[in-house]
Amino acid sequence: MRLLSRLAPVALCAATLFNPAFAAEDTAADEQMLRAIYTAALTSSPAYGHLRELTTKYPGRLSGSKNLEGAVLWGEAVLQATGAGRTELQLVMVPHWERGAPESVRYFTKQFVGIVPLKAVALGGSVPTPAGGLTAPVVELQTLDALKTTDVKGKIVFFNRPMDPAAVVPGPAYGGAGDQRSKGPAEAVKYGAVGVLVRSLTHARDDFPHTGNTSYPPDGPRIPAAALSTVAADNLSAALKLDPALTVEMKINSRWLEDAPSHNVIGELKGSASPEKIIVIGGHLDSWDIAPGAHDDGTGIVQSIEVLRLLKAVGYQPRHTIRVVLFTNEENGLRGGAAYSTAAKARNEIHVLAIETDTGGFQPRGFNLGNPAGDAHLKAARWLKLFEPYGIYYFQKGSGGADVGPLLAHGTTVAGLQPDSQRYFDIHHTVEDSLDKVNKRELELGAAAMASLVYLVDQHGL
């Protein structure tokens, strides 16, 4: 998942909520349909079972891996069994990076306790260290700008800026600290650094390091990089205060391979009135190699499939074509979303709405929406009274999600499901992103919320 920042919920005035232009909508019929959708989700959903199967059979679904390709075939089979009238495997060439043998990071200090291991994982895309490891002095920094005024030549740079604890919504805090991971290694090498360590992007204090992608210029130098758990980062910071001359040894065994074939998985229900117009629901099928990928983004995958099932379960015949897309390669390339957007443009497809769910399977609270005019969230606000009984309290301005975002340039309205995100970054990109962290009812409520929005847009437009 890529999450930069989320705007605070937009205040919606009574004039917006009770616009006479929307008075013709049959509120009673809509209330009945939403009630039917939520009942079907909470009483007969196979979504949690699907998630169990996906994360058990195909954990660590990183691009280029056998588990991702197994998940592609699994996704197609589940869509077919759910009743998709048409399925398609859309070819996408994806980057192929492998972690190799487990990493090792430890520091050496003569003054105090000797050799101390630190919990760490290589950042996605990192180059390996020499076979015998890399040992160098360490300098601790809080910002990328500090590279300009600090001597880091021949040293390992340790970026230790925490996520802002004052941020009530964790997403902006994640985005605010994320440059250390995404850009830190590429910037540090410009000033002569030989390696990078990064504090994990989480508010939690524990010993589970969080991986995630880092990027280098195509033709520029590259240095190895790893993320430390927050406990390890605090320990290293404290040790440096006591012994500024300590050294760190890093061992990373990663490698890059040639791009590999993968696929976006597509399944759809053909519309009855305007089949040439499409409503997309999707999540991303890949996950980081160390993660079972339950919340990121297994929940989004099974919720998207569940939207299709729910519409069929309540006997609803959509006016527009409803298309589920299980995107590939969101985590370390975004090529699935780009390939889908390119193909849609080449086919002159008309997308009415594209919803992505990629912020975890927790209790849904609202939606973010974006369109070229910038008013999609205001238009959707007329449905707040319908959603409030189910815990959906806001529509805010946004850009959907990373995979559907490219469709915005085509004039499409994009949206993203917004769950309660307080626990999300505790497990994000870690070995802890497992099935036991997912609440079955919260998962089902998220699917019902998306199915309800799809129904309302299909019926009334946006």
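The values are calculated or read from the model by the stated rules, or taken from the named source; none is laboratory data. Everything quoted here is computed from the prediction, not taken from an experiment. As a convention, Cβ positions derive from the backbone with ideal geometry for all residues, glycine included, and neighbour counts pool all protein chains shown.
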* To do: Within region 343-362, identify whether any single residue is in contact (Cβ under 8 Å) with a residue 60 or more places away in the chain, crowded, with 22+ Cβ neighbours inside 10 Å, more than 30 Å from residue 215 (Cα to Cα) and in contact with a Lys or Arg (Cβ under 6 Å, 6 or more places away or on another chain), and answer yes or no.
  => no
* Does residue 444 satisfy being in contact with a helix residue (DSSP H, G or I) (Cβ under 8 Å, 6 or more places away or on another chain), among the charged types (D, E, K, R) and either free of Cβ contacts under 8 Å to residues at least 12 places away in the same chain or under 16 Å from residue 301 (Cβ atoms) (or both)? -> yes
* Asked: Taking region 406-447 on its own, how many of its residues are touching a Gly at 6+ places or on another chain (Cβ under 7 Å), within 20 Å of residue 332 (Cβ to Cβ) and part of a helix (DSSP H, G or I)?
  -> 2
* Asked: Can you tell me which residues in region 110-156 are part of a strand (DSSP E or B), of a type in the set (Val, Ile, Thr) and surrounded by fewer than 11 Cβ atoms within 10 Å (Cβ to Cβ)?
  -> 115
* Among what's in region 386-414 and is polar (S, T, N, Q) and either under 15 Å from residue 342 (Cβ atoms) or out of contact with any His (no Cβ under 6 Å at 6 or more places or on another chain) (or both), pick the residue that is surrounded by the fewest Cβ atoms within 10 Å (Cβ to Cβ). => 399
* Here are some conditions: (1) surrounded by fewer than 17 Cβ atoms within 10 Å (Cβ to Cβ); (2) within 22 Å of residue 297 (Cα to Cα); (3) in contact with a strand residue (DSSP E or B) (Cβ under 7 Å, 6 or more places away or on another chain). Residue 169 meets all but one. Which one does it not meet? -> (3)
* To do: Test residue 395 against the criterion of being farther than 21 Å from residue 456 by Cβ and at pLDDT 95 or above, and give yes or no.
  => no
* Name, by its number, the condition in (1) over 27 Å from residue 96 (Cβ atoms); (2) touching a residue at least 40 places away in the same chain (Cβ under 8 Å) that does not hold for residue 190. => (1)
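One line per residue, one yes/no per condition, for (1) charged (D, E, K, R); (2) in the same structural domain as residue 306 (by TED's automatic domain parsing):
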site: 74; (1), (2): no, yes
site: 77; (1), (2): no, yes
site: 88; (1), (2): yes, yes
site: 107; (1), (2): no, no
site: 120; (1), (2): no, no
site: 123; (1), (2): no, no
site: 127; (1), (2): no, no
site: 131; (1), (2): no, no
site: 137; (1), (2): no, no
